[in-house]
DNA sequence: GTCTATACTCAGATAGAC
DNA sequence: GTCTATCTGAGTATAGAC
């Protein structure tokens, strides 16, 4: 979900007590929800007393906010400039480009920590404004802008509404990634959903993009 | 999300204390999450004491389960048999049929109670298995089966994979309905999202379905 | 920065009178 | 089926010794 093209995995490794608290909190929050986890639960797993936690975080809410910031930072670290995207787009044909983008999105999504933060975001989205804004902006709107830019570069002027084109491409992906993360908890058929995502990419390319091709444009 | 075609609104009206408890719980759970709401919060709003609540529900979890059952019952009440769908499909052209289906899905989604239960389902999905199964089965898989059946009826044998066709139609709708419900909390631009959903319907019809048309089939 | 000890509040749930 | 009263445990957070 971060490295559409470059595919890098940028997530800081944490080691101190503060970072252990974050790590344990991510684990517990993702399974039990923020309000289903107590400071005692966290400190017990970290191996410290409740009072010690307050040397690192002034409140439970601050822990949650730190977790959200990790997600945002991971995202921003792998963002490419328009110039960098342009170069990649020129180097690659559209179908493999889209496949790689999805594969990167997926691989990021499967990173244990980010996967858990995604669950926390989903869990708290209707209670915490920041959570829902992260999902909407970083997992829905930004990817749409990204693909809109890519389609614009590739298709030139053969279709006016690149945003619509991008939304049609990305929204099924978003829904299936969500489905995937739910299936994971249920020990469901993961490979089936993954297959469906790539079916979508091929279907989209064959049924929508090829119709937009104009004679002198190489998809 | 229930009455794809018939458009009926079937939701029982409740009046007794038990039903008041449900009503208040839906309100509170949807805003604060299950673990963010106490029995005291609920009984205070209902106007009874904590102990009285336990004459109606043996535990807090049982309240949540009742809420989920309301959602399932509302859903099942508006389900049509394959025969009924066949009749509707024959009576209506495909584009208006799809538009009506989306409008019904939307109108159900905007029913205050069901909208709140949807939020509760989203909130608790990673903690409560029943919640995530309801979302996956009733809001993703069933609609896909429904549209697959419709496309099969309309397109006959012009495209083999109706499930794929149906998924491509419904998954963007699911994502946008989700987006819509989030926008509602943020006081966001609702009409814009609604517009986008119908843009999707038209785009889908014009770019995907018309290509499947075979000479003697009336879309 | 960790600990012990504790304050204070609130949680879910029950007993028994009316 | 409502109430008062209460139990028991758990919640967040703090004070102060080491």
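The values are calculated or read from the model by the stated rules, or taken from the named source; none is laboratory data. Since this is a predicted model, take the numbers as computed values, not measurements. Glycine also receives a Cβ, built like all others from the backbone with ideal geometry; neighbour counts cover every protein chain displayed.
Under the condition of being within 9 Å of chain A (Cβ to nearest Cβ) and without any contact (Cβ under 8 Å) to a residue 24 or more places away in the chain, the residues counted in segment B:128-140 number 5. Would you be able to say whether some residue in segment A:36-47 is at positive phi and buried (at least 17 other Cβ atoms within 10 Å of the Cβ)? Within segment A:36-47 (the criterion being at positive phi and buried (at least 17 other Cβ atoms within 10 Å of the Cβ)), the answer is no, since none of the residues qualifies.
Tell me, yes or no, whether segment A:67-88 has at least one residue that is in contact (Cβ under 8 Å) with a residue 12 or more places away in the chain and either over 24 Å from residue A:173 (Cα atoms) or within 16 Å of DNA strand D (Cβ to nearest atom) (or both). The answer is yes; a qualifying residue exists. Starting from residues that are part of a loop (DSSP other than H, G, I, E, B) and within 10 Å of another protein chain (Cβ to nearest Cβ), keep the ones in segment B:183-194 and report whichever is nearest to residue A:133 (Cα to Cα). This residue is B:186.
Kindly indicate whether any position in segment A:150-172 is at the interface with chain B (Cβ under 8 Å from one of its Cβ atoms), within 25 Å of residue B:140 (Cβ to Cβ) and surrounded by fewer than 17 Cβ atoms within 10 Å (Cβ to Cβ). Scanning segment A:150-172, I find no residue that is at the interface with chain B (Cβ under 8 Å from one of its Cβ atoms), within 25 Å of residue B:140 (Cβ to Cβ) and surrounded by fewer than 17 Cβ atoms within 10 Å (Cβ to Cβ), so the answer is no.
Please work out which one of (1) at the interface with chain B (Cβ under 10 Å from one of its Cβ atoms); (2) touching a residue at least 60 places away in the same chain (Cβ under 8 Å) is the condition residue A:180 fails and give its number. Exception for residue A:180: condition (1). Of everything in segment A:206-218 that's surrounded by 14 or more Cβ atoms within 10 Å (Cβ to Cβ) and closer than 12 Å to residue A:155 by Cα, which residue is modelled with the highest pLDDT? My answer is A:208.
Cβ separations smaller than 8 Å between residues 6+ apart or across chains give the following pairs from segment A:17-36 residues that are away from chain B (no Cβ under 14 Å) to residues that are away from DNA strand C (no atom under 16 Å from the Cβ): A:22/A:67; A:22/A:70; A:23/A:113; A:25/A:64; A:25/A:67.
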